[in-house]
Amino acid sequence: MSRRPPTGRRGAHATIESVASKRGKQTVRDMILSMLVITAVAGVVYIFIPHDDKADPIKAVDYRVELATARRAAPYPVAAPAGLPEGWKPTSVSYEGQNGAGWHLGYLDPDDRYVAVEQSTTPAKKYVPAVSQDAENTGRTRDVSGRAWEVWEGPKYDALVLHAEGVTTVVTGSAPAGRLAEMAAALETAPAGDAPSGAPAAS
């Protein structure tokens, strides 16, 4: 004589499975609803909180203090631009008193291309390729404000190079040759110990 499984136990199993299924569906639904609510709230916050999509992430630097310090300390006349037209932005500055007394002043031109002024007492043969990202001397020169600058070209940066007694001045960067020449033409120097002629304040 065969035994039948208790119907009550089977019914209990069915009820548990049904409840579990409903809870699973409710959990997925709750997650979807929560995501929709979060997305909606984020959208409202984005719309009503003031923000500037055109804000420039690169801030201009005020290099007047560094320029004055470098001009007092450097063993050569330190160069910095004066009278650049609107749109040029100074972005970096440094002076290293050791290892060639290196002066660096970085700019973005009006088209957001990089231009740097580099000076040092380090021998030019070593110094120019280092600051110009391995540019090479083309053997040509370019007249800028009555001075013959060497024209260097490279895979990353081009450069204009000026040799003076005890110092090499390099104008280099990813900007086109015309912008490099514009920066070179704007450079002014002051003897060591003199006050700077004035650098633009950060905007």
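Values quoted throughout were computed directly from the atomic coordinates according to the rules given, and no laboratory measurement underlies them. Only a predicted model underlies this, so the values are computations on that prediction, with no experimental measurement involved. No Cβ is skipped: glycine too gets one built from the backbone with ideal geometry, and neighbour counts run over all protein chains shown.
Taking each residue as 0.36 nm, the span from ALA73 to GLN133 lengthens on full extension beyond its C-alpha to C-alpha distance by 18.9 nm. Under a 5 Å amide H to amide H cut-off, with H placed in plane at 1.01 Å, what residues pair with VAL93 once short-range neighbours are removed? HN-HN under 5 Å from VAL93: GLY106. Note on ALA177 and ASP143: the model spin-label points, each 7 Å out from Cα along the C-beta direction, lie 1.5 nm apart. Working from Cα pairs under 8 Å separated by at least six residues, relative contact order for segment 88-143 is 24 percent. Computed from label points 7 Å out along Cα-Cβ, the spacing between THR121 and LYS156 is 2.7 nm.
Using a simple charge model, +1 on the beta-carbon of Lys and Arg, -1 on the beta-carbon of Asp and Glu, nothing else, what dipole does segment 65-113 show about its Cα centre, in debye to the nearest 20?
Values: 4 positive and 6 negative charges, 52 e Å.
Roughly 240 debye for segment 65-113.
For GluC sites (Glu not before Pro), the sites in segment 63-137 that DSSP calls loop and that have at most 12 other Cβ atoms within 10 Å are GLU86.
Out of TYR95, PRO75, SER120, whose Cα points farthest toward the positive end of the dipole of segment 60-172 (charges: +1 Lys, Arg; -1 Asp, Glu; placed on Cβ)? Checked the options; the winner is PRO75.
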